[in-house]
Each structure stands twice: as structure tokens, then as C-alpha cells.
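Working notes, beginning with the structure itself.
The values are calculated or read from the model by the stated rules, or taken from the named source; none is laboratory data. Since this is a predicted model, take the numbers as computed values, not measurements. Virtual Cβ from ideal backbone geometry, glycine too; neighbours counted across all protein chains shown.
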Amino acid sequence: MIEKISINKIFSNPVNPRTIKEDKFRKLVNSIEEFPEMLKLRPIVVNNEYGILGGNMRYNACKELGLKDVWIIKADNLTEKQMEQFVIKDNVGFGEWDWDILANTWKPEELKEWGLDVWQPEQEVDYSILDDEDLSTELNDMTDGVKKAIQIEFEAEDYEEAQELVKFWRDSGAYIGSMIIEHLKNEKNKV
């Protein structure tokens with residue numbers, strides 16, 4: 001049964017395996033502020049002691065907004081094992097977005113505002129600033145004598161990991177180009 005109770009009566013799961021980045025948290029806070037009725041339609045799920053099983057981020061957003069009361073539903077008929085499973089299964093995204101429907105039904109700005117990571121066209125990078133630079137010494141050092149190169153783009157958050165992996169394989173004496181070619185061939189064969 002859904003009920004409205006004091007926010008001070010419930011508490012976060014101390015071993016909640018989900019986190020949220022600050023920008024997404026801000027979007028969640030804004031979402032609740034703009035559409036508080038959503039909280040009744042999707043109440044926070046708690047156990048018998050009022051510990052949160054599902055809705056930790058919504059709870060934190062409600063606290064951030066200074067809400068005094070929240071909608072909850074008590075999962076009082078679940079076993080301990082089922083409650084453990086619920087914590088994970090409630091957060092697993094089994095479905096996939098239909099990007100065609102999204103693109104043809106909603107505005108990308110709205111989707112982004114509502115918290116969905118929306119595809120954005122890649123920004124053109126102006127490499128002309130390198131035209132006047134003589135990087136031949138640096139390139140020779142980087143490629144260890146390999147004269148041809150292909151630029152591979154990475155998302156900003158993946159750059160450091162990619163750099164570490166390239167360094168690891170280079171230090172191991174591997175020829176990274178052949179590793180990439182082999183992987184790309186294998187992936188092409190799957191298509």
C-alpha cells in the first residue's frame with residue numbers, strides 16, 4: 001500500500017551499489033521540483049525498518065529540495081534474499097531505448113533535461129593550429145619508428161584508460177596496429 005510519511009522516518013541503504021554523477025543528480029532534483037506528482041506514481045520502496053530498497057537517489061533529491069514527506073511502499077512480504085535481489089534488479093535496465101521513436105516524438109533538449117543521455121553530433125575539431133608546428137621529433141619518439149598513423153578518437157572520459165593501455169602494450173613490445181586490425185576484422189565478421 002502506498003502511503004505518505006515523514007522523510008525523516010526512512011533512511012538510505014548503507015550498501016547501495018548505485019551512484020549518480022552530480023549533473024544527473026541536479027537533473028533529478030529539477031525533475032522532482034517540476035513534477036512532484038511523479039513521486040506518488042513511483043514511490044520509494046522500503047523494508048519493514050524503513051530502510052530504502054529502491055529510490056535512494058530520489059530520496060536524496062527530496063532531501064535536497066527540503067521535502068518533509070515522501071511517498072513510500074513497504075515491501076513487507078519479501079524474504080531477506082528477495083530484498084537483496086530487489087536492490088539490484090530495481091536498477092537493472094533490461095530494456096533498450098528506441099532511438100527513432102525518441103527522436104521523432106520528443107525534442108532532444110527535453111530528453112536531455114529529463115536526464116536521458118541524448119546523442120549529439122560530434123563537434124568538428126579544428127586541427128589547423130597544428131599546421132605550423134613541426135612535430136616530427138615527437139611523432140618519431142611516440143611511434144618508435146613507425147611512420148604511418150591513423151587517428152583514433154576517444155570520448156574524453158576514456159582517454160586516460162586508452163593512453164594507459166597503449167603504453168602497456170607498447171612497453172610490452174606489441175605492435176598495436178596489428179592488434180587493432182585483428183579486432184576490427186573479428187568485429188566485421190560478426191556483422
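Looking only at the range 1-55, how many residues end up being over 15 Å from Asp69 (Cα atoms) and in a helix (DSSP H, G or I)?
11
Please count how many residues of the range 80-117 are of a type in the set (A, V, I, L, M) and free of Cβ contacts under 8 Å to residues at least 12 places away in the same chain.
Of the residues in the range 80-117, 4 are of a type in the set (A, V, I, L, M) and free of Cβ contacts under 8 Å to residues at least 12 places away in the same chain.
Could you list, in sequence order, all residues of the range 19-58 that are in contact (Cβ under 8 Å) with a residue 40 or more places away in the chain and among the basic types (Lys, Arg)?
Passing the criteria: Lys24, Lys27.
Looking only at the range 81-95, decide whether some residue is charged (D, E, K, R), surrounded by fewer than 10 Cβ atoms within 10 Å (Cβ to Cβ) and at pLDDT 90 or above.
So far as the range 81-95 goes, yes, one or more of its residues are charged (D, E, K, R), surrounded by fewer than 10 Cβ atoms within 10 Å (Cβ to Cβ) and at pLDDT 90 or above.
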